[in-house]
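Input: a single structure, listed below in structure tokens.
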Amino acid sequence: GGGGGGGGGNQGLIMCELALALVPSLDETATNLLYRAIKPMVTVDDDPALQKRCYKVLYAVCQHHSEFALEESRLQELLELLTGSLLTCHVSSRQMRLRCLDCLVGAFDRSNE
């Protein structure tokens with residue numbers, strides 16, 4: 001029964017929180033799958049809470065799996081995603097978006113030492 005329009009967004013939030021808890025223990029295949037699932041949701045601006053959580057998961061991936069994020073083709077893709085999402089980035093998501101960029105830059109700097 002029941003379950004109106006708000007249920008889908010709520011389920012998305014719960015899934016993001018679950019993914020966030022699992023990020024540190026994911027292997028490369030699971031990390032790639034999670035990344036592919038999160039990527040399109042980062043640019044969806046009709047649910048600010050979900051978008052913010054997606055950025056949070058993306059940030060966790062960048063933190064815990066920097067080698068995944070720094071793979072040459074993926075790094076380019078991530079940078080395009082994060083710079084291109086500026087117009088769809090809700091105010092509440094901006095801090096996490098900047099943290100993602102900062103994490104990528106920091107990881108990139110460390111890998112070039």
For this session: Mind telling me which of the residues Leu87, Leu79, Leu70, Leu101 ends up being out of contact with any Lys or Arg (no Cβ under 8 Å at 6 or more places or on another chain), within 19 Å of Ser25 (Cα to Cα) and open to solvent by 20 Å² or more (accessible area, probe 1.4 Å)?
Result: Leu70
Exercise. What number of residues within region 95-109 are more than 12 Å from the chain's Cα centre (by Cα) and without any contact (Cβ under 8 Å) to a residue 12 or more places away in the chain?
Worked result: 5
Exercise. Out of all the residues in region 38-48, is one or more touching a Lys or Arg at 6+ places or on another chain (Cβ under 6 Å), open to solvent by less than 50 Å² (accessible area, probe 1.4 Å) and at pLDDT 90 or above?
Worked result: no
Exercise. Restricting the first residue to region 14-32 and requiring it to be open to solvent by 70 Å² or more (accessible area, probe 1.4 Å), which pairs with a second residue that is part of a helix (DSSP H, G or I) meet a Cβ separation below 6 Å and a spacing of at least six or different chains?
Worked result: Pro24/His64
Exercise. In this structure, does Ser111 turn out to be open to solvent by less than 80 Å² (accessible area, probe 1.4 Å) and polar (S, T, N, Q)?
Worked result: yes
For this session: Sort out which residues of region 50-91 are more than 16 Å from Val105 (Cβ to Cβ) and of a type in the set (Gly, Ala, Ser), and write them in order of number.
Result: Ala60, Ser73, Gly84, Ser85
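The values are calculated or read from the model by the stated rules, or taken from the named source; none is laboratory data. Bear in mind that the values here come from a model prediction, so they are computed numbers and not experimental data. All Cβ positions, glycine included, derive from the backbone under ideal geometry; neighbour counts span all protein chains shown. The area values use the complete protein model at the heavy-atom level, side chains included, leaving out ligands, DNA and RNA. Shrake-Rupley method; radii C 1.70, N 1.55, O 1.52, S 1.80 Å.
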